[in-house]
Amino acid sequence: MGGGLPLLAMVQRHAYALKLTDKQASEIAVWRNQHLKTSVETRRALRQNFMKLRQAALEGQDKVSMDAIAARIDQGRAKLLSMRIEQITLLKRVLTPEQWKQATEWAKRFEHRKMERFKGMHRPMMG
């Protein structure tokens, strides 16, 4: 959801540079471990439902059938978005204001570099 490296993963990857305490690192790791299985299962279900929706469209299934699949996709997206918001809330609570500022600056820089790298990949179609 939403491009880029999730902030929680970035904070864990740069724990040393952020000077996380053992308590901070532990709280973050516990949250991640508690939610990892749900995240993986939800992403898998989303992929499967997108494939089912594509197949239903190709088979010409009725709108009711496709709406049911779309509803499951919406539920999965909402679940992942809710988890992303929980991550941010956790990090804002656990990190010091200085650590939070540093982590968000890195995330912005990472996203900017990612966008620059992919900028030239999309070329207009020649007519």
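The numbers here are math on the coordinates, done by the rules we state, and not lab data. Fair warning: this is a prediction, and the values are worked out from it, not measured in the lab. Positions of Cβ are backbone-derived with ideal geometry, glycine not excepted, and every protein chain shown enters the neighbour counts.
Tell me yes or no: at least one residue of segment 64-75 is touching a helix residue (DSSP H, G or I) at 6+ places or on another chain (Cβ under 9 Å), among the hydrophobic types (A, V, I, L, M, F, W, C) and within 24 Å of GLU111 (Cα to Cα).
no
Identify, from the list LEU36, LEU20, LEU46, the residue that is part of a helix (DSSP H, G or I) and either touching a strand residue (DSSP E or B) at 6+ places or on another chain (Cβ under 9 Å) or surrounded by 15 or more Cβ atoms within 10 Å (Cβ to Cβ) (or both).
Details: LEU36 fails: either touching a strand residue (DSSP E or B) at 6+ places or on another chain (Cβ under 9 Å) or surrounded by 15 or more Cβ atoms within 10 Å (Cβ to Cβ) (or both); LEU20 fails: part of a helix (DSSP H, G or I).
Only one candidate qualifies: LEU46.
What are the residues in segment 76-87 that are touching a helix residue (DSSP H, G or I) at 6+ places or on another chain (Cβ under 9 Å) and either of a type in the set (Lys, Arg) or loosely packed, with under 15 Cβ neighbours inside 10 Å (or both), if any? Walk me through it before giving the result.
Let us first name the residues in segment 76-87 that are touching a helix residue (DSSP H, G or I) at 6+ places or on another chain (Cβ under 9 Å), namely 76-77, 79-80, 83-84, 86-87.
Within segment 76-87, ARG77, LYS79, ARG84, GLU86 meet the criteria.
Mind checking which residues of segment 41-86 are among the basic types (Lys, Arg) and touching a residue at least 40 places away in the same chain (Cβ under 8 Å)?
ARG77, LYS79, ARG84
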